[in-house]
Every structure is written in structure tokens, then in C-alpha cells.
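Only one structure is covered here, and it is reproduced in the block below.
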Amino acid sequence: MNMSRSKRIEEIAVALTEQLSVAETTGELDALKKMHEIFSDMTYYKNNPEDLRTIEVPGDKWGRKSLMALMRGKKSDNKKTVVMIGHIDTVGISDYGSLKDYANKPYELTEKFKEIDLPEEVKKDLESGEYLFGRGLFDMKTGDAIIMSIMEEISQDIENFSGNLIFCAVCDEEANSAGMLSCVPELVKIQENEGLEFTALLDTDYMTSEYEGDENKYVYIGTVGKIMPSFYIVGKETHVGESFKGIDPNQISASIINRINLNVEYCDTVEGEVSLPPITLKSKDLKPEYSCQIAKTACLYFNYATQSSTPDEVMVKMKKAAKDSFQYTVDSLNNQYEAYCKMASRDYKKLPWEARSFSYEELYSMVKLEMGQELETKLNEYINELIEKEEFDTRDKTMKIVEFVHSLWSDRNPAVIVYFTPPYYPHVYVEGKTEKEINLLNAVADAVEKTKTDYKVVYKKFFPYISDLSYGSAPKDPVIISGIKNNMPGFGKTYDLPLEDMQKLDLPVLDIGSFGKDAHKFTERIEKKYSFEVAPELVERTIMNLLK
Ligand SMILES: [Zn+2]
């Protein structure tokens with residue numbers, strides 16, 4: 001193991017952690033500045049300052065930027081290039097409570113922890129001396145430091161380096177990926193203008209145990225994706241005194257939740273790896289006030305992880321789930337109503353509800369049939385007003401657009417409109433079919449094999465955490481793309497993705513991270529030996545293999 005490198009990684013990781021860089025604060029710029037300083041000191045950037053650039057996030061409230069460091073080997077005209085990413089932002093620090101002031105001071109924080117009561121496992125790790133604590137140290141400044149120290153070393157001997165590296169240190173990963181999304185078009189430009197041949201997109205974000213007692217250390221090739229199927233539910237309002245005369249959108253909503261939530265029918269299984277089933281992220285009715293009238297509309301959306309399902313496939317499944325759940329609600333209402341009529345000695349007449357579900361795209365076409373071109377004009381006006389409204393976030397805005405289009409429809413009967421709420425993160429499956437994919441799989445297999453260590457290093461498919469890796473490519477099939485665009489109301493206006501540029505990048509992706517525990521918790525910590533010694537060797541070997 002390269003001990004001077006280990007020390008250097010620790011030094012950089014701690015220096016970056018000391019620059020508190022909570023997402024959506026100007027702290028992100030402080031971390032970027034520190035990083036810029038370190039790069040500027042490297043021999044390569046002293047000689048080639050134009051290869052170190054900042055990429056602005058257009059129109060950003062905090063003026064945030066990402067850093068793009070290109071390093072061209074001088075040994076040969078090898079156009080092969082490994083693209084690497086790492087994020088510079090972290091989650092907030094309120095979870096540290098009274099230790100908040102130490103959250104970004106790894107050595108002091110680790111000392112302070114010795115004075116307080118901690119969960120058993122944390123205490124054990126603390127006492128072992130093998131762990132270092134700090135906000136962002138694990139997620140993911142150690143990962144950034146690994147890439148930076150490798151580049152620093154290469155920089156000293158650039159004459160003997162064949163191939164090229166690009167490192168994008170991106171902001172806003174923990175929030176809206178604005179950093180990565182602004183870097184994607186720049187990467188496409190560099191690739192085209194300089195005739196570079198991008199081989200893979202490598203992230204060094206964190207890695208942890210997958211289950212209790214899991215001793216494996218993972219390298220992931222490919223990544224899970226995420227989509228958010230959403231339901232705008234139109235019931236029929238009624239006074240609570242005549243409750244059987246209406247249909248409660250909350251009841252339909254509950255039925256949809258029961259049908260979809262954690263239902264393993266919606267897991268994707270690929271090469272024996274299983275994605276997590278969907279779970280709700282929001283469920284509410286849209287009645288603003290208290291009154292004795294039941295709600296007219298409700299909405300809910302799910303987090304839906306993907307490894308193979310495409311947006312159009314998810315839409316088909318969700319539309320069916322909505323219709324089935326709606327039918328289930330109608331059936332149980334009829335049963336209750338019949339029993340009620342018997343109890344109250346009244347005549348029972350079947351309730352009039354018809355279970356219906358439509359995609360947003362279908363709703364749009366039906367309204368367009370009634371209104372023609374006027375729909376687009378009105379909708380554009382509405383969206384332009386909506387964009388200005390700060391009280392709604394991107395997700396609310398998407399729902400408001402569905403609500404608006406539905407309000408223009410002459411059909412007032414109960415229905416469920418299925419659509420997608422942003423963000424969308426495509427999964428990347430590295431199947432081993434293309435030359436690029438085969439090269440990546442071989443590069444990693446060789447790196448894992450040659451890295452001698454007592455840790456059990458295992459490589460598998462699908463980095464399990466949602467990350468910027470998803471933006472390294474996009475589905476090519478126009479059906480999949482239109483399935484997203486036409487069912488994500490406001491796409492291109494209230495929310496956007498550089499889908500065409502992502503398609504142009506078309507990179508197989510991987511993650512080789514530092515190892516630690518409790519990301520996004522105040523007990524966030526790295527295990528030093530693996531993170532400073534083993535992970536860097538795996539990263540370096542993989543890079544070198546990819547550039548061969
Ligand atoms: Zn991360």
C-alpha cells in the first residue's frame with residue numbers, strides 16, 4: 001500500500017470537510033475554493049491553467065459552481081478519457097445538536113464523541129481508533145480526496161502518463177443535482193471539440209454494508225434509477241350528512257397506497273439483484289379549508305426504484321394499479337352501502353361510480369380534442385405564472401399543472417390521473433453487450449483481482465443509492481423518452497433534464513467508494529484503512545485499465 005498517498009488523502013479529505021458545504025448554501029463555494037486551491041498547486045495546472053475551469057449553475061440563487069479539471073497525458077496521443085465525478089456538498093448539520101460546531105472538524109469531533117453516550121456499535125468503532133467522524137467526510141469528501149490525490153501524483157509525472165482524466169467536482173448533489181446537470185452539456189462539448197474518447201463515468205461516493213453483519217466491501221458497476229409515479233385523484237364531493245352520495249378521493253388514495261406500497265410485485269430483478277419496492281413520499285388531499293364537505297381531490301406519489309423498468313412500463317403498471325384500486329374502492333363502497341340500506345330498511349341501488357384511470361398524456365389529448373390550440377396557449381400562460389410562484393416547489397408545480405389541465409375538461413366524473421413527478425433518475429445497467437461495457441467490466445474485475453487486501457472486495461451491479469451517476473446516459477428508445485416527457489407535466493419548463501446530452505455521453509457508470517457507516521446521520525464516519533488505502537488502489541487500477 002502507498003502510505004504517503006494514504007496520508008495525503010486524509011489531509012485533503014479533512015481540509016475539504018473543514019469547509020462546511022451544506023447543500024443549497026454558499027458553503028458549497030467555500031469547499032469549491034479549497035478544491036480549486038489544491039488543484040492550482042498541482043504542477044500540471046501551473047503549466048496548463050486553462051484545463052482547470054469552473055462551470056456555473058445557470059441562474060442559481062447561491063451563485064454555485066462546479067469544478068472541472070481536465071488532465072491530458074503527454075506520453076502518447078491516447079484519446080481515451082476516464083470521466084470522474086464527486087460531489088462537494090453535504091446534508092445539513094442540525095443533527096449534531098450541541099456538537100454542531102465540531103461537525104466539520106473531524107479530529108476534534110472524534111475526541112468530543114468520547115465524552116458522550118453513543119449507540120453500542122458507534123462506541124465500538126470509536127474505541128477501535130479505526131474510524132474518523134465528520135459531516136461530509138464519508139459522504140463524500142474522502143471520495144473526492146481519493147481522486148484528487150491520484151491526479152496530484154499523475155500530475156508530477158505527466159510525461160509518462162498515457163490517456164486523459166476529467167474530474168467534475170459537482171455542487172448540489174444532495175438537493176437537485178444542479179451541478180451535474182450543468183456539467184453534462186460541457187462534457188459533451190469537450191468530447192466533441194477535443195475528439196476525446198470517453199470510456200466510463202466513475203463516481204467515488206460512499207459505500208457501506210448492505211445488511212447487518214455484512215463484511216463485504218463493494219464496487220458497483222451500474223446504478224439504480226428512480227422515478228416518481230404520481231396520482232391526481234378526483235372524487236365526488238358531498239356533504240358528510242349524505243356521505244354515500246359522494247366518493248372520497250382519500251379512500252381511493254388509501255386503496256392505491258395499499259396496493260402499491262412495498263409491494264414486491266414492483267421490484268426489478270436483474271442478475272439476481274433486486275430493487276426495493278415502491279414507497280409513498282407524499283399523500284394528501286387538496287382541500288384547503290375545514291368544512292363539512294369531503295375533499296374533492298387528493299394526490300400522492302411514490303418513490304419507485306428501477307433497474308430495468310422503463311418509464312413507459314412503469315406507467316402501464318401504475319395505470320392498472322390505479323384502476324384496480326379504484327374498482328376495489330367502488331366494490332367495497334357498494335358492499336357497505338348495501339349493508340347500510342338493509343340496516344336502515346331502505347332500498348339499495350348500486351352506486352354510480354365507474355373506476356377510471358388515465359395517464360396525463362391521455363388527459364391532455366382528451367382536453368385538446370375539446371379545446372384545440374387554445375389549450376396550449378392557456379397552459380403556457382398558466383405555467384409562466386406558476387414558474388414565478390415561490391410558494392410552490394417543483395413537485396407542487398407539476399401537480400398544479402395536472403390540476404389545471406383537468407379543470408379545463410368537460411368531464412367532471414371521478415377519475416385518477418397518473419403522471420410522473422420530478423426528479424427522474426434513469427438506471428444504468430452495464431450488461432456487457434457493448435465494447436465500452438465489456439472494457440469496464442474487465443477493468444474492474446482486474447483491479448479487484450490485483451488489489452491485495454484482507455478485505456473481501458466484491459463487485460456487483462447497481463449502485464444502490466440515487467446519485468448523479470444516473471446522468472451519465474439516458475435511454476435511447478424514443479418511446480421511453482416520450483413516455484417521460486409527455487407524462488411529466490411542465491417538463492422543459494418547471495423541470496428539465498439534458499436528455500439529448502445524456503444520450504450523447506452514453507457512458508457505462510461505476511462507483512468505487514470509501515467505506516464507512518451512517519451517512520446522513522451525526523455518527524457519519526469513515527473506516528480509515530479501507531478508505532485511505534484500499535479504495536484508492538482500486539480506483540487507480542480501474543482508471544489505468546480503462547486507459548489501456
Ligand atoms: Zn453522496
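The values are calculated or read from the model by the stated rules, or taken from the named source; none is laboratory data. Because the structure is predicted, anything quoted here is derived from the model rather than measured. Counting neighbours? That spans all protein chains shown, and the Cβs are built from the backbone with ideal geometry, glycine included. Areas reflect the complete protein model, heavy atoms only, side chains present, ligands, DNA and RNA absent. Shrake-Rupley method; radii C 1.70, N 1.55, O 1.52, S 1.80 Å.
Report, in listed order, any pair from Lys317/Lys342; Lys282/Lys317; Lys456/Lys521 with a Cα-Cα distance greater than 29 Å.
Beyond 29 Å: Lys317/Lys342.
What share of the DSSP beta bridges in the chain is antiparallel, in percent to the nearest 5?
If I count the DSSP bridges inside the chain, around 60 percent turn out antiparallel.
Determine how many Å³ per residue the convex hull of the Cα atoms of segment 480-548 encloses.
Expressed per residue, the convex hull around the Cα atoms of segment 480-548 is 148 Å³.
Amide H of Val219 versus every other amide H placed in the peptide plane: which residues, excluding those fewer than 5 positions away on the same chain, fall under 5 Å?
Val458, Tyr459, Lys460
For the pair Glu120 and Ala15, how long in nm is the line joining their label points, each one 7 Å along Cα→Cβ?
It is 4.1 nm.
Could you work out how much longer the chain between Asn384 and Glu210 gets when fully extended? Use 0.36 nm per residue separation minus the Cα distance between them, nm to one decimal. Working shown, then result.
Details: separation 174, 0.36 × 174 = 62.64 nm, distance 4.46 nm.
Separation in residues times 0.36 nm, less the Cα-Cα distance, equals 58.2 nm.
Using DSSP to define loop residues, name the trypsin sites (Lys or Arg not before Pro) in segment 50-159 whose beta-carbon has at most 11 other beta-carbon atoms within 10 Å.
Of the trypsin sites (Lys or Arg not before Pro), the ones in loops of segment 50-159 whose Cβ has at most 11 other Cβ atoms within 10 Å are Lys61, Lys114.
Quote the accessible area belonging to Asp396 in square angstrom, nearest 10, computed with a 1.4 Å probe and with ligands, DNA and RNA left uncounted.
Roughly 40 Å² of Asp396 is accessible to a 1.4 Å probe.
Mind pulling up the Rg/Rh value for segment 48-165? Radius of gyration and Kirkwood radius, both on Cα.
1.11
Against the 2.2 N^0.38 Å scaling, with N counting residues, where does the chain land? I'd like the Cα-based Rg ratio to two decimal places.
Normalised Rg, Cα atoms only: 1.09.
Which values, in whole Å and largest first, are the semi-axes of the equivalent ellipsoid of segment 124-282 obtained as the square root of 5 times each eigenvalue of the Cα gyration tensor?
Listed largest to smallest, the semi-axes of segment 124-282 are 46, 24, 16 Å.
For segment 36-83 and segment 436-472, what is the centre-to-centre distance using only Cα atoms, to the nearest Å?
With segment 36-83 and segment 436-472 each reduced to a Cα centre, they are spaced 25 Å.
What do you get for chymotrypsin sites (Phe, Trp or Tyr not before Pro) in segment 170-222 restricted to DSSP loop and a cutoff of at most 10 other Cβ within 10 Å of the site's Cβ?
Answer in residue order: Tyr211.
Translational D (Stokes-Einstein, µm²/s) of segment 163-202 at 10 °C and 1.306 mPa s when Rh comes from the Kirkwood sum over C-alpha pairs?
Working: Rh = 11.1 Å.
The Stokes-Einstein estimate is 143 µm²/s.
When the helix-only estimate is applied to the chain (DSSP H runs of n ≥ 4, each -39,500 (n - 2.57), divided by the residue count), what is the mean residue ellipticity at 222 nm, nearest 500 deg cm²/dmol?
When only DSSP H runs of four or more count, the value is -12500 deg cm²/dmol.
Using DSSP to call loops (not H, G, I, E or B), can you name the trypsin sites (Lys or Arg not before Pro) in segment 363-431 whose Cβ has at most 11 other Cβ atoms within 10 angstrom?
Filter output for segment 363-431: Lys389, Arg412.
How about Lys452: which aspartates and glutamates have a C-alpha closer than 15 Å to its C-alpha, ignoring those fewer than 8 places off in the same chain?
Qualifying aspartates and glutamates at Cα under 15 Å: Glu533, Glu537, Glu540.
Send over the semi-axes of segment 370-452's equivalent ellipsoid, whole angstrom and largest first, taken as the square roots of 5 times the C-alpha gyration tensor eigenvalues.
Values: eigenvalues 453, 52, 33 Å².
In descending order the semi-axes read 48, 16, 13 Å.
For a bin width of 10 Å, list the pair-distance distribution of segment 33-81 built from all Cα-Cα distances, rounded to whole %.
Calculated P(r), rounded to whole percents: 23, 42, 26, 8, 1.
In square angstrom, what is the accessible area per residue of segment 226-425 with a 1.4 angstrom probe?
49 Å²
Lysines near Lys189 by alpha-carbon distance under 21 Å, same-chain residues fewer than 8 away left out - which ones?
Result set, ordered by chain and number: Lys65, Lys79, Lys80, Lys436, Lys476, Lys504.
With a 1.4 Å probe and all protein chains left in place, how much of the accessible area of segment 226-425 comes from carbon and sulfur atoms, in whole percent?
51 percent
Take segment 226-425, drop everything but the C-alpha atoms, weight them equally and run the Debye formula without solvent; then report log10 I(q)/I(0) at 0.08, 0.11 Å⁻¹ to two decimals.
The Cα Debye sum returns log10 ratios of -0.31, -0.57.
Kindly flag which residue pairs out of Lys319/Lys461; Lys114/Lys529; Lys34/Lys493 have an alpha-carbon separation exceeding 25 Å in this structure.
Lys319/Lys461; Lys34/Lys493
Based on the inverse mean of 1/r over its pairs of different Cα atoms, what is the Kirkwood hydrodynamic radius of segment 142-188, in Å?
12.4 Å
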